[in-house]
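Student: Pasting in a structure now, in structure tokens, and then I'll have a few things to ask.
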Amino acid sequence: MEQATATKKARTKSSPSKKIKSAYIDYINENGTRPASIFKFVRDLKVKEEDFYNHFNSFDNIEKEIWSDFFDSTVKTLTSDDVYSEYSSREKLLAFFYTWIENLKSQRSYILQSIPGKVRPEITPYYLSSVKDAFKEWTTNLLSEAKETDEVVARPIIGDRYTDAVWLQFLFILGFWIKDDSKAFEKTDAAIEKSVNLAFDLMGKGPLDAMLDFGKFLFQNRN
């Protein structure tokens with residue numbers, strides 16, 4: 001009984017946050033710009049200003065949480081599929097990006113209206129700052145699995161930057177999808193497949209590793 005009451009209270013407490021985020025998305029879609037002020041936004045929404053500040057401190061903060069919701073929804077969709085646990089690390093990353101883009105499709109109007117300028121892989125936009133932390137944590141676990149199965153080679157120095165490289169890939173794919181005008185975003189699907197395969201080919205064992213191993217062997221067995 002106590003647990004049911006606690007759950008009910010949690011749902012009630014979270015509803016203002018969801019209402020504000022949903023209204024913010026609707027406003028952007030309808031007006032193509034942010035509300036003039038938080039005061040006007042909450043007044044039109046019929047929400048107390050103090051309730052707004054109990055959950056958010058700015059419009060930037062709302063946008064960060066909206067994108068975090070997109071990410072959390074993607075991971076939840078992936079992990080709820082029983083087959084996902086049987087995937088290789090390469091397949092898991094492919095599945096993530098395909099599911100991520102599929103989730104974003106339902107909010108494409110909001111995304112196109114709200115993103116200022118193009119997405120540049122070398123710069124993390126403010127609205128993705130929280131997503132970056134969550135994605136890199138997820139990627140770290142993924143790459144740890146990949147090293148255990150020898151899909152990825154643990155190389156000195158550059159091996160520690162693999163997560164940074166995959167984050168650049170994340171931004172590249174997002175930017176590509178935003179500009180993609182192909183039917184059913186077929187070009188984005190191709191970009192995902194090619195970029196993920198290239199990433200794992202580069203992180204995996206290749207000719208360079210064979211050369212280094214051979215060089216090491218010759219050095220250790222020199223006369």
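Student: Roughly how many Å² is the accessible area per residue of the chain, as a whole number, for a 1.4 Å probe? Walk me through the numbers before you get to the answer.
Tutor: Numbers: 13770 Å² over 223 residues.
Averaged over the residues of the chain, the accessible area is 62 Å².
Student: If you don't mind, there's one more thing I want to ask. Using the Kyte-Doolittle scale, find the helices of the chain whose mean hydropathy is at least -0.5 and whose Cα atoms extend 18 Å or more along the helix's long axis, counting only whole DSSP H runs. Please list the in-between numbers first.
Tutor: On the way: long enough: 2-31 (44 Å, -1.26); 59-79 (30 Å, -0.38); 89-105 (24 Å, -0.19); 129-148 (29 Å, -0.79); 162-179 (26 Å, 1.09); 186-203 (26 Å, -0.02); 207-220 (20 Å, 0.51).
Helices meeting the span and hydropathy rule in the chain are 59-79, 89-105, 162-179, 186-203, 207-220.
Student: Where in the stretch 64-170 are there GluC sites (Glu not before Pro) that are in a DSSP coil and have at most 15 other Cβ atoms within 10 angstrom of their Cβ? Present the calculation step by step, with values, prior to reporting the outcome.
Tutor: On the way: sites: Glu65, Glu86, Glu91, Glu102, Glu122, Glu137, Glu145, Glu148, Glu151; in loops: Glu122, Glu151.
Those satisfying the criteria are Glu122.
Student: Check each of the chymotrypsin sites (Phe, Trp or Tyr not before Pro) in the stretch 24-120 and keep only those in coil by DSSP with at most 16 other C-beta atoms within 10 angstrom; list them in order. Could you put the intermediate results ahead of the total?
Tutor: On the way: sites: Tyr24, Tyr27, Phe39, Phe41, Phe52, Tyr53, Phe56, Phe59, Trp67, Phe70, Phe71, Tyr84, Tyr87, Phe96, Phe97, Tyr98, Trp100, Tyr110; in loops: Phe56, Tyr87.
In loop regions of the stretch 24-120 (DSSP not H, G, I, E or B), the sparsely surrounded chymotrypsin sites (Phe, Trp or Tyr not before Pro) are Tyr87.
Student: For a quick check, take a GNM of the chain with Cα springs below 10 Å and name the residue from Pro16, Pro156, Pro35 with the largest mean-square fluctuation.
Tutor: Pro156
Student: Just one of [x] 0.95; [y] 1.05; [z] 1.08 is Rg/Rh (Cα atoms, Kirkwood Rh) calculated from these coordinates, so which is it?
Tutor: [z]
Student: Could you check which residue among Leu202, Leu168, Leu94 shows the biggest mean-square fluctuation in a GNM of the chain with a 10 Å Cα cutoff?
Tutor: Highest fluctuation among the options: Leu202.
Student: As a check on your grasp of the helix formula, calculate [θ] at 222 nm for the chain: sum -39500 (n - 2.57) over DSSP H runs of n ≥ 4, divide by the residue count, round to the nearest 500. Intermediate values should be presented prior to the final figure.
Tutor: Values: 10 runs with 160 residues, N = 223.
Helices in the chain give a 222 nm mean residue ellipticity of -24000 deg cm²/dmol.
Student: Could you please state how large a percent of the accessible area of the chain is carbon and sulfur, counting protein chains only and using a 1.4 Å probe? It would help to have the intermediate numbers written out before the result.
Tutor: Numbers: 7320 of 13770 Å².
Percent of accessible area from carbon and sulfur atoms in the chain: 53.
Student: To continue, here is another question. Cross-link candidates for Lys92: which lysines have Cα within less than 17 Å, leaving aside residues fewer than 8 places away along the same chain?
Tutor: Output for Lys92: Lys76, Lys136, Lys147, Lys194.
The values are calculated or read from the model by the stated rules, or taken from the named source; none is laboratory data. Computed from a predicted model, the values in this text were never measured in an experiment. All Cβ positions, glycine included, derive from the backbone under ideal geometry; neighbour counts span all protein chains shown. All accessible areas refer to the heavy atoms of the entire protein, side chains included, with ligands and DNA or RNA removed. Shrake-Rupley method; radii C 1.70, N 1.55, O 1.52, S 1.80 Å.
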